[in-house]
Amino acid sequence: MRIEPVFLFDLDGTLVDSVYQHVLAWKEALDAEGIELSVWRIHRKIGMSGGLFTNQLLRETGMEISVERVERLRQLHAAAYRKQAASVRPLPGARELLAWLTDASIPWAIATSGRMETAAVNLAALGIDANRTPVVTRDQVKYAKPDPDLFVAAAERLGVPIGTAVVVGDSIWDMLAAARCKALGVGLLSGGYGPDELKQSGAFRVYEDPADMLRHIDEVGGRR
């Protein structure tokens, strides 16, 4: 008996070209709090949950971390990101890949570490209605990446075991989360991580972007 795969997609850097907008939004939020941090250090944490991301960044600076400050940074980041909504675009082949899976009757869902307050910008860029498409955001799970909760919840939304899923993401945090729930991880270079980093974190295939993945869809179980 052939087991059909399902595809679980990260959002930022995987389906939409938004990683650097997030980096700049975090930079603006940190600057507003008087926290100096290099942009490259911020980029290395994109893909984590906002709370874990903030805790790690503040720990690196040696500054005191308070619940109030974490929440304030989250709100500042969300506001700064929404101001950049007009510059967020789907990555090459993202819409085509999702349309291909839909036409092939292959289930797919989105699982993002972002809360709906920022994910809504990306979904709008893709033309996705969260009321009609399974979308799991940080608001809906206890822990986000690198914990596997988001992907497990997305598989549950599709009504399938997580072991049948192919997790598609652009960061090492996606690949670590996939490995922890025993799903197959596919890495994309469109978020700025290198192929070796993604493979070392568990990716069994790495492609440039959604368009490149679509060209090789048969390698990851895609069949019409």
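Where a number appears in this text, it was derived from the coordinates with a stated rule and is not lab data. Since the model is a prediction, treat every value here as computed from it, not as a measurement. Counting neighbours? That spans all protein chains shown, and the Cβs are built from the backbone with ideal geometry, glycine included.
Note on the stretch 53-184: dipole from Cβ charges, positive end direction compared against Gly62, Pro146, Ala130; the farthest Cα belongs to Gly62.
Mean residue ellipticity at 222 nm, helices only, the chain: -13000 deg cm²/dmol; runs of at least 4 DSSP H residues each add -39,500 (n - 2.57), and the sum is divided by the number of residues.
Mean shadow of the stretch 93-191, computed from the convex hull of its alpha carbons, in nm²?
Values: hull surface 24.1 nm².
That works out to 6.0 nm², a quarter of the Cα hull's surface.
Summary of the geometry: the stretch 127-170 and the stretch 93-108, compared by the centres of their Cα atoms, lie 16 Å apart.
With respect to the cross-link table entries Lys45/Lys142; Lys45/Lys182; Lys27/Lys199, which display a Cα-Cα separation exceeding 26 Å?
Numbers: Lys45/Lys142 19 Å; Lys45/Lys182 23 Å; Lys27/Lys199 28 Å.
Beyond 26 Å between Cα atoms: Lys27/Lys199.
Database remark: amide H of Phe9 closer than 5 angstrom to the amide H of Ala109, Ile110, Ala111, Val168 (H placed geometrically; neighbours at sequence offset of 5 or more, or on other chains; Pro and chain starts carry no H). Roughly what angle does helix 149-158 make with the longest principal axis of the chain, taking Cα atoms, 0 to 90 degrees, to the nearest 10? With rounding to tens, the tilt is 40 degrees. Converting phi to 3J(HN,Hα) with the Karplus coefficients 6.51, -1.76 and 1.60 and the offset θ = phi - 60°, the stretch 25-39 yields 5, 5, 4, 4, 5, 5, 4, 5, 9, x, 9, 8, 8, 5, 4 Hz in sequence order, with x at every glycine or proline. Working note: Karplus 6.51/-1.76/1.60 with θ = phi - 60° gives the stretch 117-123 the couplings 4, 9, 4, 4, 4, 5, 5 Hz, where Gly and Pro are set to x. For the stretch 214-224, backbone phi angles converted through the Karplus equation (6.51, -1.76, 1.60; θ = phi - 60°) give residue-by-residue couplings of 4, 5, 10, 4, 5, 6, 10, x, x, 9, 7 Hz, Gly and Pro being listed as x.
Helix 50-61 versus the longest principal axis of the chain: what angle, 0 to 90°, nearest 10, using Cα atoms? For 50-61 against the chain, the angle is about 50 degrees.
Per the Cα gyration tensor, the stretch 19-86 maps to an equivalent ellipsoid with semi-axes of 17, 13, 11 Å, ordered largest to smallest. Legend: calculated FRET efficiency, Ser66 to Ala104, from the Cβ-Cβ distance at R0 = 35 Å, rounded to 0.05, equals 0.10. Taking amide H positions as modeled 1.01 Å from N, with prolines and chain starts lacking one, the residues under 5 Å from Val16 and 5 or more places away or on another chain are Leu91.
What's the FRET efficiency of Ala124 with Asp212 using the Cβ-Cβ distance as r and R₀ = 30 Å, to the nearest 0.05?
On the way: r = 24 Å, r/R0 = 0.81.
Plugging the Cβ-Cβ distance into 1/(1 + (r/R0)^6) gives 0.75.
Remark on Leu184: its backbone amide H falls under 5 Å from those of Ala165, Val167, a criterion applied only to residues 5 or more positions apart or on other chains, H modelled at 1.01 Å from N.
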